[in-house]
Amino acid sequence: MSLAGVSAPPAPPRSRGGAGAHRTGRRLPWGGVLFLPGALVIGSLLVACLILFRYSLNAWDPVRTMVTSWTGANYLALVRDPVVRRAFIETLRIGVTVTLVCLVLGYPVAYGISRSRKRALLMFLLVAPLLMDALLRSFGWLVMLGHHGLVNVLLTGLGVWASPKRLIYTPLSVIIEMIHELIPFMVLPIASVLERIDPTLHEAAMNLRAGPVRAFWFITLPLSLPGVLAGTLLTFALAMSAFVAPLILGGGNVLTMTILIQQQMLTTLNWPLGSAESIALVLVVLAVLTAYGRQARRIARGSA
Amino acid sequence: MNQRVPELRLEHVTKRFGSTAAVQDVSFCLWPGEFLSLLGPSGCGKTTTLRMIAGFVVPDAGRILCRGQDITDEPPYRRDVGLVFQNYALFPHMTVAENVAFGLKMRGAARSVTRDRVQWALELVRMPQYGTRRPHELSGGQQQRVAVARVLAAGASLLLFDEPFSNLDAKLRKAMQVELRELQQRLGIATIHVTHDQQEAMSMSDRLIVMNSGQIEQEGTPEEIYRHPRSAFVAEFMGECNRLAGRVVGVDRARGMAELDLDAGGRLLAPWSGPEDPPERAVAFLRPEHITIVSSGAGGGQANVLAGTVRRRVYLGPVTVLYVSLNDDTDVLVQCTNSLNGASGYGPDARVQLHLPPPSVRLMPL
Ligand SMILES: Nc1ncnc2c1ncn2[C@@H]1O[C@H](COP(=O)(O)OP(=O)(O)OP(=O)(O)O)[C@@H](O)[C@H]1O
Ligand SMILES: [Mg+2]
């Protein structure tokens, strides 16, 4: 749902030279049909959001559960409840951490891929883990990070840690799984933008006495910012709405908004409050994305 | 021949890519203030040579000296060589002024110095009012001017152009050629220009180097190369050229002449000053504009007069080109200057006699 706010990374303007280097796209007679699947997906998401919104205005009774009504009580409860506030902060903390780590780890990977001759193979290897179900991957990490898991065995064996540490059922394990899951969403947009940067620009910078580091800093990096923007938006949105990792690897110790909503919906059966929390999550994610996107675009424009 | 230190000197420079030798044992000098063109067909190693001078390609063998200093192993960012890329390579996220200031910024120039020098460079290329534009808001010719201003502002002591006009339309190309050449002469900055356009190279350069499959075929002034090509390749690359094969039947050492019995019939006297005798079979090269039509009708038998039939006539404005078939159907191009009275009157199927003046003939081994 929050993905709707993310557009494809804009192509960096190329210095092709010559006026009128623009390509004119040809129109397909049935071009409109191509939008149909997209319209269906977005449309059903919008309908789902509308239904949730309507539910969030209903009242709740422990016995009769949802009672049709028009009330803002759920939103009021949301603001007042310290548990909700903590869950929000936890979700944001995890989302921001995952996004930053993905960016720091993913940018060099994207750079390497964009420079490589085996680009197609590397791209496939990068995306391959996505073919695995999130549930399976989470259980995989549960085993790896467990008391007798690979990580503990290795680190105690090498003498880094004196004794095995508890890694699972902590925010750290949730973050690790989410980084693993989401890093392709950071790498792909950055790599595709980097790949389209004219390599002669880097050479021109070197010709003007910029060493490799400064040529990267002043030319390649600013030109790759659209990819960074798309990657961070995508990763953050997905991290904020992740559910499987907090459920499996959080083991009840990591309370994110998604877990809270699930409890509200399925355990307490308080659909109106759960709906209000869902709507609030969507709005917060959208607000963060919009503010960040605007800021990032301003910086990108000013960095020249 | 020259006491001055050359701006640039290449000594036996060689570069291979895998099994292909892109550049092979190339040596030449670029003198201060000189405009030198590297000319040759596609794939002959012009770009590779230029990229070695700029430092983007490391030669396998040989040395590159800049004002007497060996720069062969210097990285590109420590050379004072300004390369103007074929696609101009302007930084799209910067304004024109920021593009031009980039080299100064990298040198750590003071802000006021940078501002003055950017202004100076933009005025040189006649674009002082475009500083705040973005590259994509400029036409091709304007982008090229900015690219030139950018390397000038950065303080390049030497300019390199890789096919700078190939992205411009014919009219603008002519204008930019003149403008660039004037600017280069005004600044007295040594320049190497790479092109496969023979006209462009001749009209702009002090000196030409003709390259063929990685090697230098000939170097000299445009006139020297056009009038005295040293090889068949150069003769044919530098504009239209007739080639007539034949058997050498005699050499007159005293007059420095050889006599050729042409396969197409007829005899041809041609200068021959080589120390050794000409080979048994040879080819005579001569330019279409050096041939004159002496009379219509058949006849002849004298040396250097050939009979033929006009097959086609092409009117080109200042000149008319006649395609004349000789007896064995070899075509000879004849170019006649059109006078005030109109074009020469010979039309298709006219019988003509061609005069091939001996000094205009270049004899070369087959
Ligand atoms: N990076 C490279 N890798 C492999 N081969 C190369 C490379 N660069 C050039 N070559 C080869 O070296 C030869 C010379 O290439 P170069 O680009 O110097 O030619 P050029 O004279 O500039 O031709 P053009 O007029 O088409 O630009 C060509 O055969 C080319 O295929
Ligand atoms: Mg080239």
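Please treat every number below as a calculation from the coordinates, not as lab data. For clarity, every value in this text was computed on a predicted model and none was experimentally measured. Cβ placement follows ideal geometry from the backbone for every residue including glycine, while neighbour counts extend to all protein chains displayed.
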Would you mind calculating the gained length between B:LYS174 and B:VAL314 on full extension (0.36 nm times residue separation, minus the Cα-Cα distance), in nm to one decimal? 48.0 nm
7 Å from Cα along Cα→Cβ at both B:VAL251 and B:SER139: what's the point-to-point distance in nm? 5.8
Looking at chain A, I'd like the Rg to Rh ratio, where Rg is from alpha-carbon atoms and Rh is Kirkwood's inverse mean 1/r. 1.04
Which GluC sites (Glu not before Pro) in the range B:244-282 pass both tests, a DSSP loop state and at most 11 other beta-carbon atoms within 10 Å? B:GLU276, B:GLU280
Estimate the FRET efficiency between A:PHE35 and A:LEU136 by the formula 1/(1 + (r/R0)^6), using the beta-carbon distance for r and 30 Å for R0, to the nearest 0.05. 0.35
Dipole size in debye (nearest 20) for the range B:82-152 around its Cα centre, Lys and Arg Cβ +1, Asp and Glu Cβ -1? 140
Per-residue [θ]222 nm for chain B (sum of -39500 (n - 2.57) over DSSP H runs n ≥ 4, rounded to 500): -7000 deg cm²/dmol
Around B:THR309, under 14 Å between beta carbons, what's the net of Lys plus Arg minus Asp minus Glu among the other residues? 0
For B:SER295, the residues 5 or more places away or on another chain with a placed amide H closer than 5 Å to its own amide H are B:GLN353
Using modelled amide H (1.01 Å from N, peptide plane; none on Pro or chain starts), what sits under 5 Å from the amide H of B:MET257, excluding residues fewer than 5 places away? B:ASP252, B:TRP272
Loop-resident chymotrypsin sites (Phe, Trp or Tyr not before Pro) in the range A:36-135 with no more than 16 other Cβ atoms inside 10 Å, DSSP not H/G/I/E/B, are A:TRP70
Measure off 7 Å from each Cα along the Cα-to-Cβ vector at A:ALA73 and B:ASP116, then give the distance between these two points in nanometres to one decimal. 7.8
Only Lys, Arg (+1) and Asp, Glu (-1) charged, at Cβ; the protein assembly as shown dipole about Cα centre in debye: 2240
Two pseudo-spin positions, 7 Å from Cα along C-beta at A:SER44 and at A:TRP217, lie apart in nanometres by 5.0
Whole-angstrom Cα spans of the range B:8-235 along principal axes, big to small: 52, 40, 31
Of the candidates B:ALA232, B:LEU180, B:GLY45, the farthest towards the positive dipole end of chain B (Lys/Arg Cβ +1, Asp/Glu Cβ -1, centred on the Cα centre) is B:LEU180
Once B:SER325 and B:ASP263 are pulled to full extension, the length gained, defined as 0.36 nm per residue separation minus their Cα-Cα distance, is 21.0 nm
Just want the answer: with Cβ charges of +1 for Lys and Arg and -1 for Asp and Glu, which residue in A:ALA215, A:ILE299, A:VAL187 is farthest toward the dipole's positive end in chain A? A:ALA215
Placing +1 on the Cβ of each Lys and Arg and -1 on the Cβ of each Asp and Glu in the range A:81-303, which of A:VAL109, A:ILE89, A:THR267 has its Cα farthest towards the positive end of the resulting dipole? A:VAL109
For the range B:158-291, build the convex hull from the C-alpha positions and give me its volume per residue in Å³. 159
